[in-house]
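Single-structure report; data block below.
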Amino acid sequence: MPRLLFFAGLLVLAGCTTTEPVVQPAPAPVVQTDTVFIEVPTAVAPGEDLSDVEAGRFDNGKMWTFDNPPIDYFREAYGLEPDAAWFEKARTAALRIPGCSASFVSPNGLVMTNHHCAREHITAVSQDGENLLDNGFYAESLDQERRIEDYYADQLISITDVTEEVEAAAEGADDPAGARDAAIDAITERMLTEAGGEDAGFEVEVISLYNGGQYSAYLFRRYDDVRLVAAPELQIGYYGGDPDNFTYPRYNLDYTFYRVYDENGQPLKPAANFSFTTAGVSDGDAVFVIGNPGSTSRLQTVAQLEFRRDFEEPFLLNLLETRVAAMEQVAEAEPEMAEEIDLINTVFSLKNAIKAYTGRLEGLENPVLMARRQDTESDLRERVAADTALSARYAGVFERIEELQGVKADYIDELGSYTLNPGSSLYSSTLVRGTFGYLYALQRQFGAPEESLAGLKETLMTLDVNPPALEEALITARFNDLILYLGEDHPTVQAALGGQTPADAAAALVANTAVLDSTAFAEMLPAFMESDDPARAIGEVMGQGIITLQQGLSTAQAEEGELERQIARARFDVYGTSFPPDATFSLRIADGLVKPYEYNGTTAPEVTTFFGLYDRFHSHGQAFPWSLPERWQTPPASLDLSTPINFVSTNDIIGGNSGSPVVNGNLEVVGLAFDGNIESLPGEFIFTEETARTVSVDVRGILASLDHVYDADRIVQELLSGRLVESEADADEQMGM
């Protein structure tokens, strides 16, 4: 599929989407954005010839799938001899939770993930008068573990290659994409029925790998009784805020423990779990991250990457930066309202995306990295050209996909002007309801059946409505977009502003529209075309722009998707599974080494310690975001401050890997992945090991905090012995206290 995330707002005629048009859920929210410097080799003189730059062996990454594990490579690199049982344990002890990764870490269903993956659920189980997010939580007995409603954990049971069945359905079809989708639906339904169905606790997902070069059906066992067991305070789970986000050295206890219960309400006895080791890690140790990386684009062509560099990433950064600026102005002017709607956390998340996209853009602007991608592509093209059959089958595909980037570029100004996405915090509720209300009514006029519009109607009716001040700010930002991309004299700008300034036009729209009232909007929607509400008028202007835009781009998008699949098949014909596919939020195992690195003229150590945490606390005058929760401000005498708290390794991760266990060759937990450093941000399109690092919580820091600060003895005993301890009192008795 084409990667233009902002095309999501154009899909209304095919069905509404609520996907946020920002980066994959990132490891932690951020507070402010500084310039991001990517420390990869860039020593290139102006005009220097880069034609001799060669691709690295692992430029496509190390996110290995479990059905094609690199056994020979693991043996070569680490002297490790993993057998089928090793991989089965690694697979079945790992879990996927909404947006993140997790793992079983005891025989009693105890689950470990990141604190930042659990924040909203910690808040959700808080009772009246409690603030568990800020103050932390520990269930001192089993009966105090709190169930999280509408939550689940998925365990991967099996993987089945269904490529031939999917491709056979598309062969010769008038609509190959539709035929594939139909085949995937049929496979999903058949396999789910064979497994016993959703009621028996199973889920099936057919995942496209290698951009369609391979299709695999994943069968999951879904557990929906998940309970909160322990979580540290937000300020220690997200220590350092944005200034420390995407950086290292780091001092974060970003962990949370859940427990999965079975259908009888008893702690689950999983088939496999990872055990904790107190040995930790040392420089040079081989470690493995087992989790679900969200999305990468390492198989894109150079032309597609250049389009992103020149158009897509700058567009997204402008969108994010202008909306964040608008939200911050509102938060400063109306702090009580901002707190009521949790606007600051929205800003945190968007600034996180800004930091991530900035890092990606700097990577795309790095001539050495782009030369490495060019070498990778050149090798593929040369191998295809050298094979008569492949050359005939894939003739012209690279050239045509390059031409299509020019087609997309012709619409950048319109994309910047008309993009809207229901459900995204980036967009005005007024403009969304006005625009999509108009498109809904238009489709009804053209005879679209009501059932086909039900999803769009539901989205519009359940839309979170912004307060008036935020609405004005977001509409003003959109009107400024129109001027920026279309110019002041464009008919759309004239129709939208009516001779007023963007701010005045936005204020007038908010003051006179009724669409922010859900009851009034519901009454208005059946006859929306006849409404004299000003939101309908601006909605028509925006809606017509969306229709024109979609008509201009839909053919190009569909063609680009098919060309990507052809290139994927060519790559698969040439290389097979010798390198891993792009991330797809499916289970992977990524190898690496614990390893320090050079940065900022010095060396980042492989581990940090509690000494560093307290140094940072005092060096910054105990000020936010380096303040500490009260119980942490004076460390207990029993806490050895030389205990490691975080460490870095060369593993290949991205958003979605948050909460992944980091294990040694014996599948013992040595850490918990929670972030990448700034140098790792170009990893979305190319993997490097020079200075890019995974940042993890050290298992020794987890155990020390549980034992000496939180007095969570029953959890410590369970992690170290595997025994289920009913209560803290029982744990104390067993310890002779």
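Please enumerate, by chain and number, the aspartates and glutamates with C-alpha under 13 Å from the C-alpha of Lys457, excluding those fewer than 8 residues away in the same chain.
Within the straight-line limit of under 13 Å, Lys457 reaches these aspartates and glutamates: Glu523.
For region 290-386, with every protein chain kept in place, what is the accessible area per residue (1.4 Å probe, Å²)?
Each residue of region 290-386 exposes 37 Å² on average to a 1.4 Å probe.
Taking all protein chains as present, what is the carbon and sulfur share of the accessible area of region 510-649, in % to the nearest whole number, probe 1.4 Å?
50 percent
Within the P(r) computed for region 181-251, what percentage of the Cα pairs occupies the region above 21 Å?
Percent of Cα pairs beyond 21 Å in region 181-251: 56.
Please give the Cα centre distance for region 118-145 versus region 614-631, rounded to the nearest Å.
24 Å
So what is the relative contact order for region 114-223, in percent, with contacts set as C-alpha pairs under 8 Å and at least six apart?
27 percent
Using 7 Å Cα-to-Cβ label points, what is the Thr188/Glu562 separation (nm, one decimal)?
2.4 nm
Let me know the shape class of region 478-566, please: from the alpha-carbon gyration tensor, a ≥ b ≥ c as square roots of the eigenvalues, rounded when a/c is under 1.5, otherwise prolate if a/b is greater than b/c, or oblate.
Verdict is oblate for region 478-566.
Output the peptides 493-502, 109-118, 244-253 sorted from most to least packed, where packing is the average of other Cβ atoms within 10 Å over each peptide's residues.
So the order, starting with the most tightly packed, is 109-118, 244-253, 493-502.
Within 10 Å, count the other beta carbons around each residue, average over each peptide in 131-143, 285-297, 506-518, and list them highest first.
In decreasing order of mean packing, 131-143, 285-297, 506-518 become 285-297, 506-518, 131-143.
Can you give the convex hull volume per residue for the Cα atoms of region 453-612, as a whole number of Å³?
So the per-residue Cα hull volume is 307 Å³.
Which of the chymotrypsin sites (Phe, Trp or Tyr not before Pro) found in region 325-396 are in a DSSP loop and have at most 11 neighbouring Cβ atoms, other than their own, within 10 Å?
Counting only loop positions with at most 11 other Cβ atoms within 10 Å, none of the chymotrypsin sites (Phe, Trp or Tyr not before Pro) in region 325-396 qualifies.
Between the alpha-carbon centers of region 179-224 and region 496-513, tell me the distance in whole angstrom.
49 Å
For region 164-288, what Kirkwood radius comes out of the mean inverse Cα-Cα distance, in Å?
19.4 Å
For region 406-518, with every protein chain kept in place, what is the accessible area per residue (1.4 Å probe, Å²)?
Heavy-atom SASA per residue in region 406-518 reads 39 Å².
Place the peptides 617-627, 640-650 in order of packing, highest mean first, counting for every residue the other Cβ atoms within 10 Å and averaging per peptide.
Top of the packing list down: 640-650, 617-627.
Specify whether the C-alpha gyration tensor of region 266-381 places it in the rounded, prolate or oblate class, a ≥ b ≥ c being the square roots of the eigenvalues: rounded for a/c under 1.5, otherwise prolate if a/b is larger than b/c and oblate if not.
Verdict is oblate for region 266-381.
Write down Rg/Rh for region 376-435, rounded to two decimals, with Rg from the C-alpha atoms and Rh from the Kirkwood relation over Cα pairs.
1.32
For q values of 0.22, 0.25, 0.27 Å⁻¹, compute log₁₀ I(q)/I(0) with the Debye formula on a Cα-only model of region 76-150, without solvent.
Debye intensities relative to I(0), on a log10 scale: -1.13, -1.32, -1.40.
Hey, rough spin-label estimate for Glu726 and Asp711, points 7 angstrom out along Cα→Cβ, what's it come to in nanometres?
2.1 nm
Just the number, please: carbon plus sulfur as a percent of the accessible area of region 424-504, 1.4 Å probe, no ligands or DNA/RNA counted.
Carbon plus sulfur share of accessible area: 52 percent.
Taking the solvent-accessible surface of protein heavy atoms with a 1.4 Å probe, what is the per residue accessible area of region 613-737 in Å²?
The answer is 33 Å² per residue.
What is the distance, in nm, between label points placed 7 Å from the Cα along the Cα-to-Cβ direction at Arg75 and at Asp517?
Between Arg75 and Asp517, the simple spin-label model gives 7.4 nm.
What value, in deg cm²/dmol to 500, does the helix sum -39500 (n - 2.57) over DSSP H runs of n ≥ 4 give at 222 nm once divided by the residues of the chain?
It lands at -13500 deg cm²/dmol.
Is any helix in the chain, taking whole DSSP H runs, at least 20 angstrom long along its axis by alpha carbon and on average at least 0.0 on the Kyte-Doolittle scale, and which ones?
TM-like helix candidates: 313-333, 343-364, 468-486.
Please tell me the relative contact order of region 513-666 in percent, rounded to the nearest whole number, where contacts are Cα pairs under 8 Å and at least six residues apart.
With pairs under 8 Å counted, the relative contact order is 21 percent.
Given a 1.4 angstrom probe, I'd like the percentage of the accessible area of region 181-225 that is carbon and sulfur, rounded to a whole number.
The computed percentage sits at 43.
Summing Lys, Arg as +1 and Asp, Glu as -1, what charge do residues with Cβ under 12 Å from the Cβ of Thr277 carry, Thr277 excluded?
Within the 12 Å Cβ shell, the charges total -2.
How many Å³ per residue does the convex hull of the Cα positions in region 583-728 occupy?
Spelled out: Cα convex hull of region 583-728, divided by residues, is 148 Å³.
When the solvent-accessible surface of protein heavy atoms is calculated with a 1.4 angstrom probe, in what order do Lys62, Lys269 fall, highest first?
Per-residue accessible area, sorted high to low, gives Lys269, Lys62.
Return an integer: the convex hull volume of the alpha-carbon atoms of region 312-451, in Å³ per residue.
Per-residue hull volume (Cα only) is 191 Å³.
Under the Kirkwood approximation for Rh and a Cα-based Rg, what ratio Rg/Rh is obtained for the chain?
Computed over Cα atoms, the ratio is 0.96.
Given Cα positions, please report Rg to Rh for region 399-512, the hydrodynamic radius being the Kirkwood one.
1.03
Based on the Cβ-Cβ distance from Gln329 to Ser638, what FRET efficiency comes out when R0 is 45 Å, to the nearest 0.05?
0.40
Using the crude model of +1 on Lys and Arg Cβ and -1 on Asp and Glu Cβ, and no other charge, please compute the dipole size for region 562-715 relative to its Cα centre, in debye to 20.
The calculation lands at about 140 debye.
In Å, what Rg and Dmax follow from the Cα atoms of region 333-409?
Rg, Dmax (Cα atoms, Å): 22.1, 69.
The values are calculated or read from the model by the stated rules, or taken from the named source; none is laboratory data. Given the structure is predicted, the values throughout are model-derived calculations rather than measurements. Quick reminder, even Gly has a Cβ in these numbers, built from the backbone with ideal geometry, and neighbours come from all protein chains shown. Surface accessibility is based on the protein's heavy atoms, side chains included, excluding ligands, DNA and RNA. Shrake-Rupley method; radii C 1.70, N 1.55, O 1.52, S 1.80 Å.
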